[in-house]
Every structure is written in structure tokens, then in C-alpha cells.
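Just so it is clear, none of the values below were taken in a lab; they were calculated from the coordinates. If you're wondering where the values come from, they're calculated on a predicted model, not measured in any experiment. No Cβ is skipped: glycine too gets one built from the backbone with ideal geometry, and neighbour counts run over all protein chains shown.
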Amino acid sequence: MTHRFKKIAALAGTLGIATALVLPTAVFAADELNANDLGVNAIQSTIKLGSGDVRQTAARIINVALGFLGIVAVVIVLLGGFKWMIAGGNDEKTAEAKKLIVSGIIGLAIILSAWAITSFVISRLVTATQDT
């Protein structure tokens with residue numbers, strides 16, 4: 001392949017991708033969309049959304065995510081302990097196990113501090129934005 005042919009092929013590919021991206025916009029731009037076209041009314045009639053406070057919902061989601069991360073950190077520490085137990089005196093395996101344990105403990109400390117910070121911030125947000 002010559003250098004010129006590569007340039008022509010690259011240009012054709014770029015034009016083809018641009019056309020594929022722009023063409024649907026031009027085709028579907030004829031009619032204006034409304035809620036029934038997208039099925040919004042069907043969704044609103046079948047799904048019951050919670051009426052709870054958004055801040056408390058966000059706090060629950062953060063707590064669940066940090067809980068899963070805490071479980072992962074504890075599993076890493078346990079895995080490091082297990083590797084240390086089966087190392088059989090091998091210095092390389094023992095060093096690897098120590099690294100896992102230290103990494104798991106550091107991760108657990110980070111997760112606990114993140115939980116403390118988020119619970120403090122969420123509690124302050126809730127008290128600051130409550131109606132008095």
C-alpha cells in the first residue's frame with residue numbers, strides 16, 4: 001500500500017463514520033418528540049418512586065457502597081493471612097502476604113475515614129437544610 005492510498009482510505013473511513021453518526025439525526029429530526037413517544041407515561045404509571053428524602057437515599061447508597069468495600073478490604077486481609085499461613089517459611093511468599101495484609105488494613109482505614117467524613121457531611125446537610 002502506498003502512502004497516498006492509506007490517506008484516501010483513512011479519509012473514506014472518517015467520512016463513513018461521520019455520515020453514520022449524522023444521518024440518524026437528520027432522519028429523526030422531522031418530528032418533535034413528546035412524552036408518549038418515549039413511553040414516559042407508561043413508566044410513571046407502573047413504577048412507584050419513593051417519597052423519601054434524596055439526601056437520606058444518597059446516604060444509604062453511600063453506606064452500602066462503603067460496606068461492600070469494607071468487606072473487600074477484610075477479605076484481602078484474610079487472604080494475606082491465609083497466604084502467610086501456607087507460605088511454609090518461604091521469604092518471598094511471606095513478603096507478598098505481608099503486603100496484602102498491609103494493603104488491606106490501609107484500605108480499611110481509608111474506607112472507615114471515608115464513611116466518617118460522609119456521615120458527618122450528610123448529617124450537616126440534613127440539619128442545615130431542614131425546615132425550622
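Net charge within 14 Å of LYS98 by Cβ-Cβ distance, Lys/Arg positive one each and Asp/Glu negative one each, not counting LYS98 itself? Here the charged neighbours net out to 0.
Excluding PHE82 itself, what net charge comes from residues whose Cβ is under 15 Å from its Cβ, given Lys and Arg +1 and Asp and Glu -1? Residues close to PHE82 contribute a combined charge of +3.
Here the 3J(HN,Hα) profile of the range 110-118, calculated from phi with Karplus coefficients 6.51, -1.76 and 1.60 at θ = phi - 60°, is 5, 5, 5, 5, 5, 5, 4, 5, 5 Hz, Gly and Pro shown as x.
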